[in-house]
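Q: Provided herewith is a single structure, encoded as structure tokens, for subsequent inquiry.
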Amino acid sequence: MNDADIYVKLTPIFHSVFDDEDIVVTPQLTADDVNGWDSLTHIRLMLSVQKAFNVRFAAADIVGLKNVEDLVRLIREKA
Amino acid sequence: MTRDLFAELAWLPEPPEDISAQCRAVAGLAEPGAVIRQLASYALDANELTRIAKAIGRARADERPLAPLVPFRLGLLGNGTLDLLVPALVATAARYGIALECTQADYGQTVQEALDVSSRINRAAPDAVLLALDYRALPLRISPGATDAGIEAAINHLATIRAGFREHSGAIPIVQTLAPPPEALFGSFDRVALGTCRRVLDDFNRALVETVRQGGDVLLDVAAIAETVGLAQWHSPAQWNLAKLPFADEYVPLYAEHVARLIAALCGKSRRCLILDLDNTVWGGVIGDDGLDGIRLAQGDATGEAHLAVQRLALDLRERGIVLAVSSKNDDEVARLAFQGHPEMLLREHHIAVFQANWNDKATNISAIAEELSLGLDAMVLLDDNPAERSLVRRLLPQVAVPELPPDPALYARTLAAAGYFESVAFSDEDRERAKFYQDNARRVTLQKSAVDLASYLESLQMEIIFQPFDKTGRARIAQLINKSNQFNLTTRRYTEAEIAEVQQDQTAFTLQIRLIDTFGDNGMISVVICRLRSAGVWEIDTWLMSCRVLGRQVESMVLREVLHQARRRGIDLIIGQYRPSQRNDMVRDHYAKLGFRLIKEGPDGSEWEIGTNAIVPEAPMRVRRIEAGLVAV
């Protein structure tokens with residue numbers, strides 16, 4: 001799976017978790033850019049991503065994420 | 001892909017593609033309660049449940065009424081992160097017709113919440129309080145060899161909390177059994193050795209259940225739920241470490257479903273009547289076609305045993321007070337035959353309160369059953385293997401619960417049990433007596449004229465009917481239908497494949513193999529027609545048969561339209577139809593009369609009918625496709 005595929009697959013997950021169909025998932029996107037991205041929705045996002053990509057993140061993986069680019073890299077490594 | 005029965009609530013229908021758009025549309029409704037309940041009735045994941053909970057929250061904020069949802073206030077406290085749980089609980093409760101308001105205690109504040117009159121939960125005066133505590137929350141001493149594990153102290157600790165809430169808020173406490181983590185210390189010996197986690201939690205659970213049995217609080221058997229899905233699935237160390245989730249997030253919908261069932265049971269919303277389909281549900285095969293000896297019910301036959309398991313579960317449910325009824329598309333006599341005369345049948349007529357075997361639509365029959373038993377439609381469950389029947393009943397009678405069923409009948413009983421329609425918080429003598437009260441009659445209710453809107457349902461099926469003359473590819477299936485169909489079969493003439501090849505070659509004959517496709521997929525070949533030239537300008541319908549699976553779809557009208565159309569093209573003016581009674585085809589006695597034929601002859605061997613080829617036959621809501629094999633002039 002290449003990065004472009006990962007972004008395509010991430011988009012509906014973001015839309016679903018944040019209940020906002022207008023979110024454009026870009027590498028630079030961070031929690032500050034999205035309405036309602038708090039610690040709880042962050043957990044929901046991580047759980048949804050793990051389920052959709054059939055990957056398992058360790059706690060240490062998740063703590064280090066700065067933006068979507070990091071998340072995509074993590075998915076690529078785990079997939 | 002097969003859905004996981006428990007994690008994905010596979011007895012509920014899958015949500016439609018546009019579920020998020022439908023959830024958004026709720027914001028525009030003045031009275032959104034019924035729509036919210038309908039949306040919540042799908043198998044939803046945690047994100048979708050959250051979306052519905054938000055829609056409910058918005059309706060509350062705008063003071064839009066949530067009726068017919070009934071309000072219920074739940075206090076919630078526990079030792080893990082419950083925030084993910086709250087929206088799932090609110091949305092799942094709507095599935096059961098409940099407008100749930102959750103009040104959450106602060107993290108870890110269990111005893112203070114219970115004993116302080118002015119705590120957040122006590123001030124909210126909830127109807128029930130859910131003590132979502134797991135094995136990490138209680139003062140148990142888990143240490144191998146310890147002779148006193150502190151079970152009594154832990155039970156007393158819980159008793160203090162329960163009494164506190166009862167006294168200060170009047171709420172009914174809901175307590176949980178503890179699911180043991182899968183990590184063993186010795187191995188199998190863990191259950192024997194004092195002080196091991198498994199042994200201590202076993203003992204604790206037993207003691208807790210005893211307090212519930214004596215004290216009247218409500219039990220949520222989390223240990224049973226976790227064991228059902230597997231302890232190693234239930235407990236996720238990663239998610240506990242990361243976010244203090246008390247169990248794996250995958251099971252949030254299942255946990256919420258179990259809590260909502262308990263609340264529904266407390267509100268008296270448990271279902272009380274199980275309506276059984278017969279063919280391929282209660283037994284394998286179609287009794288009208290396969291005969292009493294042909295249906296599969298035998299011990300030692302895998303299919304037969306699967307259906308016997310359905311019967312056994314139905315009988316067990318009856319023992320605990322659930323009323324049984326039958327709704328089947330069959331001749332009444334033929335269907336009862338199995339109940340009266342089949343040696344392997346567990347269900348007998350005296351177990352069935354109302355027995356509706358006829359050819360009317362199931363929605364009308366279920367309404368009649370509900371009325372006869374003086375139960376609401378919301379007390380009814382229909383178990384039926386046929387997805388089209390399930391869809392029809394869900395659409396026309398949304399109050400009736402209709403579980404989805406997997407393709408393998410071996411899982412029918414498990415699926416019905418997993419759906420938890422008959423959740424109960426008590427088992428009284430009255431329940432035990434109820435079965436007797438309804439027994440012995442297997443009565444038949446005369447139907448009022450169909451009150452349901454079938455037309456719009458048929459539209460929704462997006463049917464396509466495909467007409468094609470006999471050909472080599474279809475021959476084996478044509479032969480099978482000709483030799484097996486008994487019920488919808490006007491003349492019951494049997495032909496070999498060679499004879500079928502012959503009629504295909506016969507330039508003066510006209511043949512049709514008919515397929516039907518709908519939203520559920522391709523039903524395959526469902527009807528066969530053979531017309532032979534009787535005299536100049538006159539066809540006789542030698543064979544007309546149809547699979548009973550597509551009854552009530554108006555396929556017959558469309559077939560007649562096609563026969564008339566093709567007859568006109570070939571210069572035929574008149575069609576003759578015959579009804580030749582067999583033991584099994586009573587259901588088509590009036591077939592030709594219903595289609596507008598004129599009776600010309602009637603006797604002990606049957607009847608003969610005619611219709612002119614320019615007769616007008618009403619069109620049914622389906623697309624027509626013709627596959628032609630070169631027009632042959634007569």
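What follows is calculated from the coordinates using simple rules that are stated; it is not laboratory data. Keep in mind that this is a model prediction, so the values were computed, not measured. Cβ coordinates were reconstructed from backbone atoms using ideal geometry, including for glycine residues, and neighbour counts include every protein chain displayed.
Q: For B:76-86, what's the mean count of beta carbons from other chains sitting within 10 Å of each residue's beta carbon?
A: 1
Q: Using the Karplus curve 6.51 cos²θ - 1.76 cosθ + 1.60 with θ = phi - 60°, what ³J(HN,Hα) values do you get for each residue of the stretch B:366-378, in whole Hz, with x for Gly and Pro?
A: Karplus-based 3J(HN,Hα) across the stretch B:366-378 equals 5, 4, 5, 4, 4, 5, 4, 8, 6, 10, x, 4, 6 Hz.
Q: In square nanometres, what is one fourth of the surface area of the convex hull spanned by the alpha carbons of the stretch B:457-626?
A: Mean orientational projected area (the stretch B:457-626, Cα hull): 9.5 nm².
Q: Please work out the Cα center distance from the stretch B:112-136 to the stretch B:461-479, rounded to the nearest Å.
A: If you average the Cα positions of each part, the centres end up 65 Å apart.
Q: Additional query: Calculate the mean, over all residues of peptide A:40-51, of how many other protein chain Cβ atoms lie within 10 angstrom of the residue's Cβ.
A: What the average comes to for A:40-51 is 5.
Q: Let me ask another. Which order results if B:Lys269, B:Lys362, A:Lys51 are arranged by neighbouring Cβ count within 10 Å, fewest first?
A: A:Lys51, B:Lys269, B:Lys362
Q: Compare the peptides B:363-376, B:209-222 by average per-residue count of other Cβ atoms within 10 angstrom and give them in order, highest first.
A: Highest-to-lowest ranking by the protection proxy: B:363-376, B:209-222.
Q: Here's another thing I want to ask about it. What's the Kirkwood radius of chain A in Å, using all Cα pairs?
A: For chain A, inverting the mean 1/r across all distinct Cα pairs yields 12.5 Å.
Q: Here's another thing I want to ask about it. Can you tell me the orientation of helix B:151-169 relative to chain B, as the angle in degrees between its alpha-carbon axis and the longest Cα principal axis, to the nearest 10?
A: Helix B:151-169 and the main axis of chain B meet at about 80 degrees.
Q: Which FRET efficiency, nearest 0.05, do B:Glu63 and B:Lys244 yield, Cβ-Cβ r, R0 30 Å?
A: 0.30
Q: Enumerate the calculated ³J(HN,Hα) couplings along the stretch B:502-513 in order (Karplus 6.51 cos²θ - 1.76 cosθ + 1.60, θ = phi - 60°), each rounded to whole Hz, writing x wherever the residue is Gly or Pro.
A: 5, 5, 5, 7, 5, 5, 8, 8, 10, 10, 9, 10
Q: To make sure I understand the rule: partners must be lysines, Cα under 21 Å from the Cα of A:Lys78, and not fewer than 8 residues away in the same chain. Which ones qualify?
A: Within the straight-line limit of under 21 Å, A:Lys78 reaches these lysines: A:Lys9, A:Lys51, A:Lys66.
Q: Add +1 for every Lys or Arg and -1 for every Asp or Glu among the other residues with Cβ under 10 Å from the Cβ of B:Leu194, and state the total.
A: Net charge in that neighbourhood comes out at -1.
Q: Okay, next question. Specify the angular offset, from 0 to 90 degrees and rounded to the nearest 10, of the alpha carbon long axis of helix B:85-95 from the longest principal axis of the alpha carbons in chain B.
A: Roughly 40 degrees between the two axes.
Q: How long, wide and thick is the protein assembly as shown, going by the Cα atoms along their three principal axes, in whole angstroms, largest first?
A: 96, 65, 54
Q: Based on Cβ point charges of +1 for Lys and Arg and -1 for Asp and Glu, what charge dipole magnitude is obtained for the protein assembly as shown about its Cα centre, in debye rounded to the nearest 20?
A: For this selection, approximately 860 debye.
Q: Go ahead and estimate [θ] at 222 nm for the protein assembly as shown from helices alone: -39,500 (n - 2.57) per DSSP H run with n ≥ 4, summed, over the residue count, rounded to 500.
A: -12000 deg cm²/dmol
Q: Per residue of B:234-240, how many C-beta atoms from partner chains lie within 10 Å of its own C-beta, taken as a mean?
A: 2
Q: If you take the Cα Rg of the stretch B:15-85 and divide it by 2.2 N^0.38 Å, with N the number of residues, what do you get?
A: Rounded to two decimals, the normalised Rg is 1.17.
Q: May I ask you to work out the translational diffusion coefficient for the stretch B:257-319 at 20 °C, viscosity 1.002 mPa s, via Stokes-Einstein with Rh from the Kirkwood sum over Cα pairs, reported in whole µm²/s?
A: 158 µm²/s
Q: Of all alpha-carbon pairs in the stretch B:498-546, indicate the percentage at a distance above 13 angstrom.
A: The answer is 63 percent, as a whole percent.
Q: Quick one: if you stick a label point 7 Å off each Cα along the C-beta vector at B:Glu497 and B:Arg414, how many nm between them?
A: 3.8 nm
Q: Here's something else I'd like to know. Taking neighbour Cβ counts within 10 Å as the exposure measure, how do B:Cys531, B:Cys23 sort from fewest upward?
A: The most exposed by this proxy come first: B:Cys23, B:Cys531.
Q: Pull up the cross-link candidates among the lysines for B:Lys329, meaning alpha carbon to alpha carbon under 17 Å and not fewer than 8 places away within one chain.
A: Partners within reach: B:Lys362, B:Lys449.
Q: Give the long-range amide H neighbours of B:Ser328: residues separated by 5 or more places, or on another chain, with amide H under 5 Å away, using H modelled in the peptide plane at 1.01 Å from N.
A: Under 5 Å from the amide H of B:Ser328 lie the amide H atoms of B:Gln356, B:Ala357, B:Asn358, each far enough along the sequence or on another chain.
Q: Note the angle between two axes, namely the Cα long axis of helix B:475-484 and the longest principal axis of the Cα atoms of chain B, as a number of degrees from 0 to 90, rounded to the nearest 10.
A: 80 degrees
Q: Under 16 Å from the 7 Å Cα→Cβ point of B:Glu14, by amide nitrogen: which residues of the stretch A:37-55?
A: Once the point is set 7 Å along Cα→Cβ of B:Glu14, A:52 turn out to lie under 16 Å by backbone N, inside the stretch A:37-55.
Q: Mind jotting down the distance between the C-alpha centroids of the stretch B:324-345 and the stretch B:1-49, whole Å?
A: 36 Å
Q: Test of understanding: what is the full-extension gain from B:Gln505 to B:Asp316, defined as 0.36 nm times their sequence separation minus their Cα-Cα distance?
A: Gain on extension, B:Gln505 to B:Asp316, equals 62.3 nm.
Q: Which ³J(HN,Hα) values in Hz, rounded to whole numbers, follow from the phi angles of the stretch B:252-269 under the Karplus curve 6.51 cos²θ - 1.76 cosθ + 1.60, where θ = phi - 60° and Gly and Pro get x?
A: My calculation for the stretch B:252-269 gives 4, x, 5, 4, 4, 4, 5, 5, 5, 4, 5, 5, 4, 5, 4, 8, x, 9 Hz in order.
Q: Any number yet on Rg/Rh for chain B, C-alpha, Kirkwood?
A: We get a ratio of 1.07 for chain B.
Q: Out of residues 5 or more away from B:Asp542 or on other chains, whose amide H comes under 5 Å of its own, with H placed 1.01 Å from N in the peptide plane?
A: B:Ile530, B:Cys531, B:Arg532
Q: OK, next. At what distance in nm do the modelled label points of A:Lys9 and A:Leu40 sit from each other, each positioned 7 Å from its Cα along Cα→Cβ?
A: Each label point is offset 7 Å from its Cα along the Cβ direction, giving 2.9 nm.
Q: Dimensions of the stretch B:273-452 along principal axes (Cα, Å, largest first)?
A: 38, 37, 31
Q: At 7 Å along the Cα-to-beta-carbon direction for both A:Glu77 and B:Leu447, put a label point, then send me their distance in nm to one decimal.
A: 6.5 nm
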